[in-house]
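First the structure, in the form of structure tokens, and then the observations on it.
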């Protein structure tokens, strides 16, 4: 699934012979599964909600220095709002741009709710949920392939998840506003490692109570002419 | 006083004993001039300068009161389980599990393991933020011309890196933080309104529900619209008290909170800690 150089190696990435074809690479991420890839500067990643209202939990790291990673608060502060859509810049914890949303069929995505976990499920729904799969386990398993561990997990983006905040501060995950086939596209502002958990949550409407597959498409040559 | 010789330099250094600064820890803490409890219960008494930081390991049951002395403090806070810091404050779980984006009395500060690190037991401010985090070197350099710890406008993240390092932690151990005393509200369309300070003297009290490492950076809120770096002293007092117990109103205030307290109690009992 991940055809790129592991992010935690310092190997130079300039040895590939430049080519001019730009055939996109498409990967269908099954329901409940994890996925990762390096997206190089200038390439785009399109995330397609194949069956509608499927939350895609998403973290992104600077591929050369994974201590620099997506920061929800820096992203929210930089754009002055909590919802992501076209034009939103995903900022790092050092206030540098990692990716930009260049297209979005839906209109708003969540920065606040973070990932589901077996542990938080016991608080949100009860201890009967303990044996259910959860996004944090996907992030841990997929991150380990790149040398990332628990300390590297931070508040993530939830594409296609709808989390309104009421005037009194009440917030919650409510019915989604996505639909089958809608997509969004991110442009990499530098070489980034993307970690995805195709959310397995079945206790709230973030996946319409039935997790489904999503599609990842990496398109374009990077600044050095290296294609996906 | 002559400092040409080792003896003179020693006398010069020792003559400083008893000097006072506005921002300093008072050691021992029981010597704090106006203790909010029996003086012997105080374990930490410090005034943190604007643009500075502090940190401490607090025993379960300790209460930590932060006071915005002049109205322009902003206490950026991170919490870790003291001896296993990979379990730490999770801001997303804190707001999601409790169905509320805003911090205030009765809120629990949750770890990523479904347990309570600390509870907010008193709050006279109501102006806090769980969304915007703290400031960064790049942002403060662009905003104020400098963001280094030694400069005139230190960034919160740079100070957190120092506080973390003194507890054996690295930049990758710094998740999104909370901030107290400068408020942010969310409009229906998701846009943020900075509501600022509740004024001088506002205070908030946290109760440690496990042994925790607390990191505090006192720097302007990143959404503070003023062009100049305004950051005034933060008072930090901590004293021995009791952790929340079954039967306390806070224990049963919400079903989510009750399960978080139960998870915490089970964890501590299995370790023989409570």
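The values are calculated or read from the model by the stated rules, or taken from the named source; none is laboratory data. These numbers come from a predicted model, not from an experiment. Here the Cβ positions follow ideal geometry from the backbone for every residue, glycine too, while neighbour counts run over all protein chains shown.
Looking at B:232, B:254, B:244, can you tell me which residue is out of contact with any helix residue (DSSP H, G or I) (no Cβ under 7 Å at 6 or more places or on another chain) and away from chain A (no Cβ under 14 Å)? If you could, list the steps in order and put the result at the bottom.
Working: B:254 fails: away from chain A (no Cβ under 14 Å); B:244 fails: out of contact with any helix residue (DSSP H, G or I) (no Cβ under 7 Å at 6 or more places or on another chain).
Only one candidate qualifies: B:232.
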Quiz item: Is it fair to say residue A:197 is surrounded by 20 or more Cβ atoms within 10 Å (Cβ to Cβ), within 14 Å of chain B (Cβ to nearest Cβ), under 15 Å from the mean Cα position of the chain (by Cα) and in a loop (DSSP other than H, G, I, E, B)?
Solution: no
Quiz item: Can you pull out the residues in segment B:1-33 that are closer than 15 Å to residue B:238 by Cβ and outside any strand (DSSP E or B)?
Solution: B:26, B:27, B:28, B:29, B:30, B:31, B:32
Exercise. Determine if segment A:160-171 includes at least one residue that is at pLDDT below 95 and over 19 Å from residue A:72 (Cβ atoms).
Key: no
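Here is a yes/no grid of residues against (1) modelled with pLDDT under 95; (2) on the phi > 0 side of the Ramachandran plot; (3) not in a loop (DSSP other than H, G, I, E, B):
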| position | (1), (2), (3) |
| --- | --- |
| B:121 | no, no, yes |
| B:126 | no, yes, no |
| B:134 | no, no, no |
| B:153 | no, no, no |
| B:203 | no, no, yes |
| B:217 | no, no, yes |
Exercise. Would you check if there is a residue in segment B:240-247 being over 24 Å from residue B:101 (Cα atoms) and part of a strand (DSSP E or B)?
Key: yes
Quiz item: Considering segment B:255-274 alone, what residues qualify as being in contact with a strand residue (DSSP E or B) (Cβ under 9 Å, 6 or more places away or on another chain) and within 18 Å of residue B:206 (Cα to Cα)?
Solution: B:257, B:260, B:261, B:264
Quiz item: Since residue B:222 meets every condition but one in (1) under 30 Å from residue A:85 (Cα atoms); (2) in a strand (DSSP E or B); (3) touching a helix residue (DSSP H, G or I) at 6+ places or on another chain (Cβ under 6 Å), which condition does it not meet?
Solution: (2)
Quiz item: Within the bounds of segment A:146-161, is there any residue that is in a strand (DSSP E or B) and away from chain B (no Cβ under 14 Å)?
Solution: yes
Practice problem: Name the residue, out of A:62, A:74, A:104, that is under 24 Å from residue A:179 (Cα atoms) and out of contact with any helix residue (DSSP H, G or I) (no Cβ under 7 Å at 6 or more places or on another chain). | Solution: A:104
Quiz item: Here are some conditions: (1) within 14 Å of chain A (Cβ to nearest Cβ); (2) surrounded by fewer than 24 Cβ atoms within 10 Å (Cβ to Cβ); (3) not in a loop (DSSP other than H, G, I, E, B). Residue B:65 meets all but one. Which one does it not meet?
Solution: (1)
Self-check item: Residues (assigned to a loop (DSSP other than H, G, I, E, B), within 11 Å of chain B (Cβ to nearest Cβ) and buried (at least 24 other Cβ atoms within 10 Å of the Cβ)) located in segment A:43-89
Solution: A:71, A:82, A:88
Quiz prompt | Number of the exception - residue B:22 against (1) surrounded by 11 or more Cβ atoms within 10 Å (Cβ to Cβ); (2) touching a residue at least 40 places away in the same chain (Cβ under 8 Å) | solution = (1)
